1. Within the group THR100, THR129, which residue is surrounded by 18 or more Cβ atoms within 10 Å (Cβ to Cβ), part of a strand (DSSP E or B), among the polar types (S, T, N, Q) and touching a Leu at 6+ places or on another chain (Cβ under 7 Å)?
2. Pick out the one residue from LYS78, LYS94 that is on the phi > 0 side of the Ramachandran plot, modelled with pLDDT of 85 or more and assigned by TED's automatic domain parsing to the domain that holds GLN156.
3. Quick check on ILE39: is it of a type in the set (Val, Ile, Thr), farther than 21 Å from TYR303 by Cα and modelled with pLDDT of 95 or more?
4. (1) farther than 18 Å from VAL319 by Cα; (2) modelled with pLDDT of 95 or more: which one isn't true of LEU254, the others all being true?
5. When you scan the stretch 289-305, do you find a residue that is in a helix (DSSP H, G or I) and buried (at least 17 other Cβ atoms within 10 Å of the Cβ), even just one?
6. Tell me which of these HIS333 doesn't satisfy, since it passes every other one: (1) farther than 26 Å from ARG203 by Cβ; (2) surrounded by fewer than 16 Cβ atoms within 10 Å (Cβ to Cβ); (3) touching a helix residue (DSSP H, G or I) at 6+ places or on another chain (Cβ under 9 Å).
7. Specify the residue that is nearest to TYR222 (Cα to Cα); the eligible residues are those in the stretch 299-347 that are aliphatic (A, V, I, L, M), touching a residue at least 60 places away in the same chain (Cβ under 8 Å) and out of contact with any Pro (no Cβ under 9 Å at 6 or more places or on another chain).
8. LEU122 passes all but one of (1) over 13 Å from TYR8 (Cα atoms); (2) modelled with pLDDT of 95 or more; which number fails?
Amino acid sequence: MKIAYFNYLYDLYGASIGSTIKGIKLMEAIGQCGHEVKIYWRQETPGSGANATYRTNVREKLKKYLARYLHEANQLFKNFRYLREEQRILKAEKPDLLITRLDAYVFSSMWLAKKMNIPVILEADSPVTYELRTFHKEYLTVPRLLETIENYNLRQADAAVVVSNVLADYFARRRVRQDDYIVIPNGADTARFHPNISAAEVRQRFHLNNNIVIGFIGSFHYWHGVENLIALFKPVLEQYERAKFLLVGEGGPLKPKLESYINTHQLSGRVCLTGHVPHDEVPKHIAAMDIVLAPYPDLPFFYYSPVKVYEYMACGKPVVASELGQITEAIEHGVSGFLVKPGDIAGYLQHLFRLMESPKLRQKLGQKAAETAAANFAWAARGKQWAELCERVLEQHRQAKKTAPGTIEPSPASA
């Protein structure tokens, strides 16, 4: 089967974030099931090409003054640019099936696929209307326009796949689809993330050889629990002279606050900031950690399927994580890690201290985490679930001889 995958994120092959890694690894896994998959990166990276610096500077100056008023119109206009290129791709490649990512204001690929009678699976990893209204209040928007476009994509898709049960319930309340949402969570590349990776180079580079290392991976945004992370520094470092933190990531509005705290409390020798790390180098950084953190705050709507949690576990590390959403389905408390009520700093410290005191406990929980990840969370297994879904959608499309969505039943593996 020939499959085209349209992804509207920026810089699919350069950004080391969960959503882009998921796109790459999942399509590779579907391809390993015997299908021909081509990824089409639909967004232009800001600042790419000739005169990049000039264009970027102009863009930033204009955004400062006009983005609030023109953002929505600009996003809608992109659909016309997408349509020309996507029509060219689909006519030239003649895919049997299209997988397209749900993105704010984008409807071009869904409309075009329906016009060309190509079955479509919608990759709905996030509630884009909710995200824009919650995290981007600086933009003026037409009421219900974004939700109308989102509903159009959900309704027209032959199948809609989400990454968590929480997200499936959220979309189901819209009542825009007759069929169920199919839940296939994220995963980890267990061929590259495993317990037998050497930590020597990273430990030597950051002077961690004789330390107990507490690790974190992610950008420094509020929703990654940066403030909870900061709250752990002082009590842990005061209690354990050998403790150090290794924070792997770059960007985010809370990074200045993090750096200010480190400088003010003179912790630069004990809290190590790596900056941006290419995803290929993430495994050896996790290998350098003894305990890993996912300290998410008390988010009222935790719909995520955190790739880093699966990668932590695949590397055989004991995870201390917030007791939220799908994390509770991945980690068995006291068996493959510890779960803590969001924002309960005392609870985090209790489990951190317990793990720091007991190498045997770290090994026991880490081993169970690795076994669980290898058995249940590998991208290869996720790819097989997706491949089976693609085959069912294509077969039903051929049988129906029409463009309306069919009834797609989730396979037992994805239920």
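1. Details: THR129 fails: part of a strand (DSSP E or B).
Exactly one residue qualifies, and that residue is THR100.
2. Numbers: LYS78 fails: on the phi > 0 side of the Ramachandran plot.
Testing whether each residue is on the phi > 0 side of the Ramachandran plot, modelled with pLDDT of 85 or more and assigned by TED's automatic domain parsing to the domain that holds GLN156 leaves just LYS94.
3. On the way: of a type in the set (Val, Ile, Thr): yes; farther than 21 Å from TYR303 by Cα: yes; modelled with pLDDT of 95 or more: no.
Spelling it out, it is not the case that ILE39 is of a type in the set (Val, Ile, Thr), farther than 21 Å from TYR303 by Cα and modelled with pLDDT of 95 or more.
4. (2)
5. Just the residues of the stretch 289-305 that are in a helix (DSSP H, G or I), to begin with: none.
So far as the stretch 289-305 goes, no, none of its residues is in a helix (DSSP H, G or I) and buried (at least 17 other Cβ atoms within 10 Å of the Cβ).
6. It is condition (3) that HIS333 fails.
7. If we take residues in the stretch 299-347 being aliphatic (A, V, I, L, M), touching a residue at least 60 places away in the same chain (Cβ under 8 Å) and out of contact with any Pro (no Cβ under 9 Å at 6 or more places or on another chain), then VAL307 is nearest to TYR222 (Cα to Cα).
8. Of the numbered conditions (1) over 13 Å from TYR8 (Cα atoms); (2) modelled with pLDDT of 95 or more, the odd one out for LEU122 is (1).
The values are calculated or read from the model by the stated rules, or taken from the named source; none is laboratory data. Bear in mind the structure is a predicted one, so any value in this text is a computation, not a measurement. Cβ coordinates were reconstructed from backbone atoms using ideal geometry, including for glycine residues, and neighbour counts include every protein chain displayed.
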